[in-house]
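Visitor: Right, I'll just put the structure down here and ask away after.
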Amino acid sequence: MSQIVTRTVRLLALGAIIAAPVSAQQPAAASLPSAQDLHALYVKAMGGADVIKKHASMHFTGKFEVPAAGMSGNVESWNSDGKLLTVIEFPGIGQIRTGFDGITAWQIHPAQGPMLLTGKQLDQIKQQSDLQAVLTPDKYVKTRETVEKTSFGGKDAYKVKIVLHNGEEYFEFYDVSTALNIGSIRKTETPMGAIDATSIITEYKTFDGQQVPTQMKQSAMGVEQVVSVTNMMFMPVDKATFDLPKEIKALTGK
């Protein structure tokens, strides 16, 4: 379930996410659980497949902070049927809006204006918009492999190498004691290009029987961000929520 929030958040401020040291000796390969077994344990830790299947739509609200810049704003996101809308608003600066209507991915930034997200950016937002992707990993993932037991975010963790069908490679980390996903190291595609990014999930809470990440520290290119979820609701979302804004329609000719 960490995918629900972390996938969305990667797009909020042009994909900036967090760096943390990862170092430990690698144990013998035979002592490592398979990546497939870890994934199954993760689904169970989230609440189980039956609970996840119930939650095809969601809406969350929270806070988005950039501590070094003294910036703090509100974040709100809607997700349903493989569609996404996320709005982050900084007082005195304006809104950063990111969306995907199932076909067209886009972003409107107060400094950069409206833009279409294509190529690898489009691939990532498609994956990030799929609330049930954890139940059908082969839809996106070509291979997964547990490469070592290490330390990540101050916890013992299993490091898993993920290779997607589109050739992208990245690492996910799973808490040894809880089996929950506690972060990733991944190149995030943004309008400024690919950014080396790492995210650490520091807190989970249960909403309607499902474990949800509610505290995340993120950074990229030396910029740290903090995302805190204050409320998560699994509820129907009005289809009109995902309609393309007029500025984006102008770019697409629709």
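Visitor: If ALA105 passes every condition in (1) crowded, with 17+ Cβ neighbours inside 10 Å; (2) touching an Asp or Glu at 6+ places or on another chain (Cβ under 7 Å); (3) without any contact (Cβ under 8 Å) to a residue 24 or more places away in the chain but one, which one does it miss?
Guide: (2)
Visitor: Being part of a loop (DSSP other than H, G, I, E, B), crowded, with 17+ Cβ neighbours inside 10 Å and touching a residue at least 24 places away in the same chain (Cβ under 8 Å) narrows it down to one residue among ALA157, ALA179; which is it?
Guide: ALA179
Visitor: Just to be sure, is TYR140 over 21 Å from VAL87 (Cβ atoms), open to solvent by 20 Å² or more (accessible area, probe 1.4 Å), in contact (Cβ under 8 Å) with a residue 40 or more places away in the chain and hydroxyl-bearing (Ser, Thr, Tyr)?
Guide: no
Visitor: Is it the case that ASP37 is crowded, with 16+ Cβ neighbours inside 10 Å and of a type in the set (Asp, Glu)?
Guide: Considered against the rule, which asks whether it is crowded, with 16+ Cβ neighbours inside 10 Å and of a type in the set (Asp, Glu), ASP37 comes out as no.
Visitor: What number goes with the only condition from (1) surrounded by fewer than 16 Cβ atoms within 10 Å (Cβ to Cβ); (2) modelled with pLDDT under 95 that THR61 does not pass?
Guide: Checking THR61 against (1) surrounded by fewer than 16 Cβ atoms within 10 Å (Cβ to Cβ); (2) modelled with pLDDT under 95, the one that fails is (2).
Visitor: Would you pick out the residues in region 95-108 that are outside any loop (DSSP other than H, G, I, E, B) and under 12 Å from ILE248 (Cα atoms)?
Guide: ARG97, THR98, GLY99, PHE100, ALA105, TRP106, GLN107, ILE108
The values are calculated or read from the model by the stated rules, or taken from the named source; none is laboratory data. Quick caveat: nothing in here was measured; it's all calculated off a predicted structure. For neighbour counting, all protein chains shown are included, and Cβ atoms are generated from backbone atoms with ideal geometry for every residue, glycine included. Just the protein is used for accessible areas: all its heavy atoms, side chains included, with ligands, DNA and RNA removed. Shrake-Rupley method; radii C 1.70, N 1.55, O 1.52, S 1.80 Å.
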